[in-house]
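J.: Just dropping this structure here.
FYI, it's all coordinate maths here, none of it is from the lab. Being a predicted model, the structure only gives us computed values, none of them experimental. Don't worry about glycine lacking a Cβ; one is built from the backbone with ideal geometry, like all the others, and counts go over all protein chains shown.
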Amino acid sequence: MPSLKAGTGKMKPTVIAVDPGYDRVGIAIMEGTLLIFSECFIPPKGAVPIRLGAVFQHLGKVIKKYKPEALAIETLFFTKNQKTAIHVAEARGVIALAGVEAGLTVFEYSPQEVKIAVTGSGNADKKSVIRMVTMLVPMENMKRHDDEYDAIALAIAHQSSSKFRQAREKI
């Protein structure tokens, strides 16, 4: 459930943002502009269906614990490696299913939309995104995988997009 913003009576939306993968999954929970939780989940080694099952189960637990209102996920970025792209597409399906099964609205953002929201440029490199994430979101200084930073950037993109939609609705 969303919480009330102190002194305003307005709700702060909570989102789970997921950077999809079948061998590493970035997960971030943001309430408004506050990072509540983030991690890089690494499923056990094994066949892809076993990994996807572990991703589904883990996301279900995270969703149950933090009770977000929405799930943000990146659209598929096509690479030259078709086998990897297929596995990531399968992971996206499992992640979306976990959100839908929990009653969440699923929002999709392209990598360029995320980069624009965080850095102002759709052509930003990974280092620029990470640098801006650490400037925009107060977080403890610890080593994080790129996947975790990508999930936090996705959450920032979603929250700024939600604010834009809410502002438009008031006009």
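J.: Residues of segment 81-114 being closer than 25 Å to ILE130 by Cβ and charged (D, E, K, R), which ones?
T.: Across segment 81-114, the qualifying residues are ARG92, GLU108, GLU113.
J.: Which members of segment 12-44 meet the condition of being part of a loop (DSSP other than H, G, I, E, B) and either touching a residue at least 12 places away in the same chain (Cβ under 8 Å) or of a type in the set (Gly, Ala, Ser) (or both)?
T.: PRO13, PRO20, GLY21, TYR22, ASP23, ARG24, GLY32, THR33, ILE42, PRO43
J.: Could you check TYR149 against (1) buried (at least 20 other Cβ atoms within 10 Å of the Cβ); (2) of a type in the set (Phe, Trp, Tyr); (3) part of a strand (DSSP E or B) and say which number it fails?
T.: (3)
J.: Those residues that are surrounded by fewer than 19 Cβ atoms within 10 Å (Cβ to Cβ) and at negative phi, I need them from segment 25-34; list them, please. Write out each step before concluding.
T.: Taking segment 25-34 as the starting set, the residues that turn out to be surrounded by fewer than 19 Cβ atoms within 10 Å (Cβ to Cβ) are 32-34.
Matches in segment 25-34: THR33, LEU34.
J.: Inside segment 45-143, counting only helices (runs of 4 or more DSSP H) that do not spill past its ends, which hold 2 or more residues that are surrounded by 14 or more Cβ atoms within 10 Å (Cβ to Cβ) and among the charged types (D, E, K, R)?
T.: Values: elements: 48-66, 82-101, 111-119, 126-136.
Once the helices (runs of 4 or more DSSP H) in segment 45-143 are filtered for at least 2 residues that are surrounded by 14 or more Cβ atoms within 10 Å (Cβ to Cβ) and among the charged types (D, E, K, R), what remains is 82-101, 111-119.
J.: Continuing with the same structure: Test each condition in (1) out of contact with any strand residue (DSSP E or B) (no Cβ under 8 Å at 6 or more places or on another chain); (2) without any contact (Cβ under 8 Å) to a residue 60 or more places away in the chain; (3) within 13 Å of PRO20 (Cα to Cα); (4) outside any loop (DSSP other than H, G, I, E, B) for SER160 and report the one that comes out false.
T.: For SER160, the exception is condition (3).
J.: Still on this structure, I have one more. Do you know which residues across segment 52-109 are among the small types (Gly, Ala, Ser) and closer than 19 Å to ASP150 by Cβ?
T.: ALA70, ALA72, ALA85, ALA89, ALA91, GLY93, ALA96, ALA98, GLY99
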